[in-house]
Every structure is written in structure tokens, then in C-alpha cells.
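Visitor: Supplied in C-alpha cells, the structure appears directly below.
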Amino acid sequence: MPPFDAPEDDPFGPHNLPYGVFSLNGSGSGPADRKVGVRIGDHVLDAGAAATALGSPYATLLTQPTLNPLLAAGRTTWSDVRRALTAWVTVHREAIEPLLHPLSSVTLHLPFEVADYVDFYASENHARNVGRIFRPDAADSLTPNWKHLPIGYHGRSGTVVVSGTDVARPSGQRKAPTDPTPVFGPSVRLDIEAEVGFVVGVPTAQGTPVPLSGFRDHVFGLCLLNDWSARDIQAWEYVPLGPFLGKSFATSISAWITPLDALEEAHVAPPARTHPLLPYLDDSAETSDGPGGYDLRISVAINGHTVSEPPFSTMYWTAAQQLAHMTVNGASLRTGDLYGSGTVSGPSADQRGSLLELTWNGQEPLELPDGKRTFLEDGDVVTLTAWAPGPDGVRVGLGEVTGRIVSG
Ligand code: CA
């Protein structure tokens, strides 16, 4: 029997069960009004109320205003809770029907308290495109370190916002090479970066690196992430310390966190390694958790018009390698740490994950139904969606991440 009248191939069926945090429309939306929810079709299950109604030992863990306690609980509990939820939405569906709310009747909130935020640069196609655009005279479009370590930087966790939040156009300094002096004003080259975000659950003590084999013990799940980027601010400020105010004004994530347990059919091998890797990054050996890549098919739409379909399977560095690298110096993890994959760009022109690449730095405008676009205009709505292969050919839907640009 299909769950709750949803079609059997619903990408948010009982095989998926992503987690979020919601409040009921018409009630308050403060911490006391927020509840852990699990999406099933076009509904959200009040997970804490269901656990209480069914006498589950996880009632306290799920009766919370954020996902942080669940994130901290660890891999065994994550699997146990998921197994219980699967039973509730199938075997016990009559008991939990009154605890389902239509998505249209709830407000979705940032699902966890973001601790540290790191962003990587793991797509070879993206890195080469950026190299060709900004360093056209370089012998190699990749920097010498690129194939030896996952390049990243620390971003600003306090400005991570949930899908649906408006994004104000940032102001800052910019200076084109031909300008005599810098000017200040609203960014005129506001861009997107289509990425996948990984959510850390189990923390570590300082001084304890996480090996590749520890990835699933520490990382709970993933979400879509849009790393909004002001290219003009970025271009003037980034030498020599990297991204700063051109990125830190906002980062959007989806309201739903897909547990890695829902993505067992989506494992794929990453691209062939062209350079030998140091042992802490060497993922050539088989592991019981399967290969480190994920087959996620992303779509990027501007005002409802699809402009790109980046394939996550093309990412050179895996999330496990990124976790190993960011802790190899002994840096600790905290519950709620978020790290972005880096812009996802495939090999073809319609698979690029940023307007910088899609318009080749503004030289080749996109033709949209509502006019040409080089970079984003006020009022533009950018939406990332994605799916992954699931059991029996059914798709696993990722929660969308959307945001509208408003004047700053
Ligand atoms: Ca990025």
C-alpha cells in the first residue's frame, strides 16, 4: 500500500525519510514551538510526538528544537531511529496519521545549529574552468597542490540560512584591473555555487584525526547547499588569503537533511586518481562502506528555468577525504559542523554549477525566458534540486534549496 496516498515512486517515500525542523503555521516559531520532523511525501511527521505515542525510547531525542541531539547520538542510534521511523510510517501508519502535517501547513527552520563551516573546491572541472578564466596564461589550469590535497577554507557559520530565506545583495569593495582605485557599492557580479553540504554529528577531541574509515561514524547526512558568491568582491579581496566577504554574507542549505543511510544505493567510485595520494587520503582500498563517491543528480534553476544539471559523481575528492584532510592536523570536530563539497561542475557546458562558468565570466550570457543573464539580478530566484538512485529503482529526493535575491 502506498504511504499516505503518495505514489509508490515518490522520491520522498518511506525509503528516504529526511530530517528537518518545523513549526506549525499559526503557532509561534521560536525554539519552544520547533519540532523535529521527518518528511514523508508531501507531509511532515512530528517525530517526537510519534515516538511518544508509540512508547519509543527515542522520544526525548526527537522532542527537540534542533537535530543536534540526534546528530550527536552516533551511528548506531542513527540506524536504530531510522529503523523505528520506517516501521512507524509503514506498519504503524494508522497510529501516526494524526501526527502528519501537510508541508503547506508548516514553516521549516534551519534544521541544526551550525558549528563550524568549511567549504572545499573538489570538482576538477570547476577548478579547471576557474583556472582558465582567471589564469589564462598559466601552463596548467590547476594549481600545483590541487591533485594532492582537497583545497578548502573556513567560512562563516553564523550566516548559513535555511532554504527560502531571501538573500540581500551584498555591498563591498571592488576594483577591476582597469580601474585606478577601488569603489564601494552593491555587488554587480552576484553568483551561485551549486554544492552538497555534509553534516557532522559525532564530535572529536582536539588532536585526534579522523581516518577515511571513520567517515560514517562522524557524518550523519547531507543536504544541498548554495554558496552565494560576489565575484567582484571576491576577485579584489582574495589575494593572498582566499575567500572572505565575497562569500560570508549568506550560504543557503536545504531544510531537509538526508541521512547517509538513505543513500546506500547511490555509492559510486570517484574518478580515477591521476596522482599518488599520501596514505591518509589514499582511498584505493575497498571498504565495507562502499566507494566514497555519491551519485547525486543536481539541477539548477533560475526563476523556474533549468540552466544546469551538475553531476556530483564527477567530484574528484570525496566527503571522506575532505573529513580526513580537515582533521589531519588535529583540528577537532563539533556536532553541527558543516562542510561544503565545492561547486559541482561536470565536463559539459550544461553541467556547470556557477554562473561564472555558465557565462564564462559574463562573456556568454545565458538566454532565459525573461531575458539574458550574466550574473544574478534583484528578484531572481535560484533553486537547486537533486535526486539519487534508491532501492528498486525509486529515486531518493534531496530537499531543495531556494533563495531570492533582494536589493541590499
Ligand atoms: Ca564554494
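The values are calculated or read from the model by the stated rules, or taken from the named source; none is laboratory data. Owing to the predicted nature of the structure, the values given are computational and were not obtained by experimental measurement. Using ideal geometry, Cβ is built from the backbone for each residue, glycine included, and neighbour counts are taken over all protein chains shown. What goes into the accessible areas is simple: the full protein's heavy atoms, side chains included, and nothing from ligands, DNA or RNA. Shrake-Rupley method; radii C 1.70, N 1.55, O 1.52, S 1.80 Å.
Table: residues versus (1) open to solvent by 10 Å² or more (accessible area, probe 1.4 Å); (2) modelled with pLDDT of 95 or more; (3) in contact with a Leu (Cβ under 8 Å, 6 or more places away or on another chain).
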| site | (1), (2), (3) |
| --- | --- |
| 361 | yes, yes, no |
| 368 | yes, yes, no |
| 388 | no, yes, yes |
| 392 | yes, no, no |
| 405 | no, yes, yes |
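Visitor: Please give the number of the condition residue 368 fails out of (1) more than 16 Å from the ligand (Cβ to nearest atom); (2) of a type in the set (A, V, I, L, M); (3) within 15 Å of the chain's Cα centre (by Cα).
Guide: In the conditions (1) more than 16 Å from the ligand (Cβ to nearest atom); (2) of a type in the set (A, V, I, L, M); (3) within 15 Å of the chain's Cα centre (by Cα), residue 368 misses (3) alone.
Visitor: Need pairs with beta-carbon distance below 6 Å; first residue among the polar types (S, T, N, Q) and within segment 137-156, second crowded, with 16+ Cβ neighbours inside 10 Å; sequence gap 6+ or separate chains.
Guide: So the pair list comes out as 141/128; 141/131.
Visitor: If we scan segment 275-290, do we find a residue that is touching a residue at least 12 places away in the same chain (Cβ under 8 Å) and either within 16 Å of the ligand (Cβ to nearest atom) or closer than 26 Å to residue 19 by Cα (or both)?
Guide: Yes, that holds for at least one residue.
Condition check ((1) touching a Gly at 6+ places or on another chain (Cβ under 7 Å); (2) open to solvent by 20 Å² or more (accessible area, probe 1.4 Å)) across all residues:
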position	(1), (2)
83	no, yes
105	no, yes
109	no, no
125	yes, yes
129	no, no
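Visitor: Just one of (1) away from the ligand (no atom under 15 Å from the Cβ); (2) closer than 28 Å to residue 373 by Cβ trips up residue 143, so point out which.
Guide: So the condition that residue 143 fails would be (2).
Visitor: Something else now. Quick one: count up the residues across segment 225-257 that are among the aliphatic types (A, V, I, L, M), away from the ligand (no atom under 13 Å from the Cβ) and surrounded by 21 or more Cβ atoms within 10 Å (Cβ to Cβ).
Guide: The first filter runs over segment 225-257 and keeps only residues among the aliphatic types (A, V, I, L, M), leaving 225, 230, 233, 235, 239, 241, 245, 250, 253, 255, 257.
Okay, now just the ones that are also away from the ligand (no atom under 13 Å from the Cβ), so 233, 235, 239, 241, 245, 255, 257.
Cutting the leftovers down to surrounded by 21 or more Cβ atoms within 10 Å (Cβ to Cβ) gives us 233, 255, 257.
Of the residues in that region, 3 qualify.
Visitor: Still on this structure, please answer the following. Could you grab me the full set of residues in segment 309-348 that are assigned to a strand (DSSP E or B) and either within 15 Å of the ligand (Cβ to nearest atom) or in contact with a Cys (Cβ under 8 Å, 6 or more places away or on another chain) (or both)?
Guide: Residues satisfying the conditions are 338, 339, 340.
Visitor: For residue 388, which of the numbered conditions (1) more than 16 Å from the ligand (Cβ to nearest atom); (2) outside any strand (DSSP E or B) fails to hold?
Guide: Looking at each condition in turn, residue 388 falls short on (2).
Visitor: Kindly provide the set of residues from segment 12-47 that are of a type in the set (A, V, I, L, M), open to solvent by less than 60 Å² (accessible area, probe 1.4 Å) and more than 15 Å from residue 112 (Cβ to Cβ), ordered by number.
Guide: Filtering segment 12-47 for residues of a type in the set (A, V, I, L, M) gives 17, 21, 24, 32, 36, 38, 40, 44-45, 47.
Cutting the leftovers down to open to solvent by less than 60 Å² (accessible area, probe 1.4 Å) gives us 17, 21, 24, 36, 38, 40, 44-45, 47.
17, 24, 40, 44, 45 - these are the residues of segment 12-47 that are of a type in the set (A, V, I, L, M), open to solvent by less than 60 Å² (accessible area, probe 1.4 Å) and more than 15 Å from residue 112 (Cβ to Cβ).
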